[in-house]
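Participant: This is the structure I have questions about; it appears just below.
The values are calculated or read from the model by the stated rules, or taken from the named source; none is laboratory data. Computed from a predicted structure; not experimentally measured. Note: ideal-geometry Cβ built from the backbone for every residue, glycine included; neighbour counts use all protein chains shown.
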Amino acid sequence: MVKNSIILGAAGRDFHNFNVFFRDNPDYRVVAFTATQIPYISNRTYPASLAGKLYPVGIPIYPEEKLEELMVSEKVTDVFFSYSDVSNQYVMNLASVAQAKGASFHLLGPADTMIRSRKPVIAVVAVRTGAGKSTISRRVADVLLKAKLKPVAIRHPMPYGDLTIPVQRFSTYKDLDKFHTTVEEREEYEQHLDKGVVVYAGVDYQAILDQAEEEADIILWDGGNNDFSFYRPDLNIVVADPLRVGDETGYYPGETNVRMADIVVINKVNIASKEAVDKLVENCRRLNPKAKIVKTRSEAVIDKPQLVKGKKVLAVEDGPSVTHGGLSTGAGAVAAKAVGATLVDPRGKAVGSIRAAYDRFPKLGKLLPALGYSVEQLEELEESINAVDCDVVVLGTPSDLTKLIKINHPVARVRFEAFEVGKPTLDELIDQAKLRKLGKKP
């Protein structure tokens, strides 16, 4: 009996799960994807060119709010949850919705979804969005480059554009324009390009891996949200956040990551209290006694401190971290306050979807999220920033927004950098002996 199924997603894990588990699988008929978390991804179609021979017209994508309606109209028997960075309670609430309609509720795991690589794989994932995963990914890239290896970063998908392009390769900033990347994509890709590290992303992660393996000594999986890796890692590094102690057991699939970790990086130890750091270490060791624990400071480094010192500042922060990631501060705000600046409140000047973000995520407070998923939203972001009465705009987002919009105020940029505290260090744990064990001669 063919099972009519819905995949609950957010334009990332859901598409990957389909590609590796459902495509060409005659036991299931995927009647729809649903979408949430990210704007502009519902009411599209997963293309026939990627969906396979069983789906000659592709698969529709609906807002998650239509789940119950779709379950009735499509006689759905199975619901597959396929996205990340949500509370365990949230997941079980959706399970209850599905079961109340008579369906089974599923979570596909690593055995069904992880792809094996011919090259060594180091994965950097997290307990929550905003834990500092991007910072640690850069740190790992530095270790590999220092060892005279060529890492190629493969980024967790953010397919907000043309879904018919299965593989995207980025080696220069021109490639960012070529593929019409969003602000969120640029936040992740630019940091690697600045180091000379090639980045791959897209929709079909087997095809991506096949191409990346041709030029990589080692694959660096740069995770998204708190999802686990799409590739089976030889070394699994998980970043945990002492500013949100308890989330390592309260958010899906963050706990999965901790339990699978080879290394747990306790980031932000310079910001969090000693009690919070100690409690997080205790929790992680209880979940995974075999994992190595590395502690890192997360330092907000500002490029023009004298421009910001003592001034009225608008802090524009990494969008995912301060929206669905739930962070109440960001790199821009931290750096600005460190040099005696005062944050101004942009809420009264925000327009359109930027204004709506404050209603949806009230924890934003005086931070302005760098949301730019469409041309229209970029225009709203530009208008919102320029309407604020401030001396300087501090960009806490890793993306250089000045390449996308015109900011009328002076601009300073901030980036978090990671520095190990005590022993062991990432250099020691990703040493030459380890690299040889991974199968690559140093």
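Participant: Need pairs with beta-carbon distance below 7 Å; first residue in the same structural domain as Ala131 (by TED's automatic domain parsing) and within segment 262-285, second outside any loop (DSSP other than H, G, I, E, B) and basic (Lys, Arg); sequence gap 6+ or separate chains.
Facilitator: Correct list of pairs: Asp262/Lys292; Ile263/Lys292; Ile266/Lys295; Val269/Lys295; Val269/Arg297; Asn270/Arg297.
Participant: Looking at segment 1-111, what helices (runs of 4 or more DSSP H) fall wholly within it and have at least 1 residues that are surrounded by fewer than 21 Cβ atoms within 10 Å (Cβ to Cβ)?
Facilitator: Helices (runs of 4 or more DSSP H) meeting the threshold: 48-51, 67-73, 88-100.
Participant: Wholly within segment 345-439, which helices (runs of 4 or more DSSP H) include no fewer than the required count, namely at least 1 residues that are among the small types (Gly, Ala, Ser), touching a residue at least 12 places away in the same chain (Cβ under 8 Å) and under 23 Å from Ser328 (Cβ atoms)?
Facilitator: Helices (runs of 4 or more DSSP H) meeting the threshold: 352-360, 375-387.
Participant: Answer yes or no as to whether Thr164 is surrounded by fewer than 19 Cβ atoms within 10 Å (Cβ to Cβ), at pLDDT below 95 and touching a Ser or Thr at 6+ places or on another chain (Cβ under 9 Å).
Facilitator: yes
Participant: Do you know which residues across segment 385-401 are over 19 Å from Pro320 (Cα atoms) and surrounded by fewer than 18 Cβ atoms within 10 Å (Cβ to Cβ)?
Facilitator: Residues satisfying the conditions are Asn386, Ala387, Asp389, Asp391.
Participant: Working only within segment 395-410, note down all residues that are aliphatic (A, V, I, L, M) and modelled with pLDDT of 95 or more.
Facilitator: Passing the criteria: only Ile407.
Participant: Please indicate, with yes or no, whether at least one residue in segment 147-155 is more than 23 Å from Ile208 (Cα to Cα) and in the same structural domain as Arg259 (by TED's automatic domain parsing).
Facilitator: Yes, segment 147-155 has at least one match.
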